[in-house]
Amino acid sequence: MEETESLVVGWPGETYASTPLDQRVAEQLRTMIKSGKLQPESQLPNEPELSHLLNVSRSTVRSALTMLEQ
């Protein structure tokens with residue numbers, strides 16, 4: 001997998017920071033799939049790898065993955 005940026009907690013003047021972290025992680029994963037950084041229909045990296053790549057806890061990754069499954 002290609003190197004990726006950590007999630008940005010928020011930008012000045014943006015309401016993004018008020019969005020729950022698991023929702024931001026889910027959106028980041030969607031973006032990574034759409035951009036080709038993660039291949040659609042292929043196996044995602046495991047929770048510890050995603051946690052490290054996105055600089056969030058495993059429980060946040062797990063919650064984001066659950067959102068994506070729904």
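For the stretch 17-50, filtered to residues that are charged (D, E, K, R) and part of a helix (DSSP H, G or I), the residue that is nearest to SER63 (Cα to Cα) is ASP22. Remark: pairs (first residue in the stretch 53-67, assigned to a loop (DSSP other than H, G, I, E, B); second residue of a type outside the set (A, V, I, L, M); Cβ separation under 7 Å; 6+ apart in sequence or on different chains) = ASN55/SER6; SER57/SER51.
Taking the criterion of being modelled with pLDDT under 80, open to solvent by less than 90 Å² (accessible area, probe 1.4 Å) and under 12 Å from the mean Cα position of the chain (by Cα), the residues of the stretch 1-49 that qualify are THR4, SER6, LEU7, VAL8.
The values are calculated or read from the model by the stated rules, or taken from the named source; none is laboratory data. What you are looking at is a predicted structure, and each value in this text was computed from that prediction instead of being measured. Every residue, glycine as well, gets a Cβ built from its backbone with ideal geometry; the counts of neighbours run over all protein chains shown. Each accessible area value is taken on the protein alone, full model and side chains, heavy atoms only, with ligands, DNA and RNA left out. Shrake-Rupley method; radii C 1.70, N 1.55, O 1.52, S 1.80 Å.
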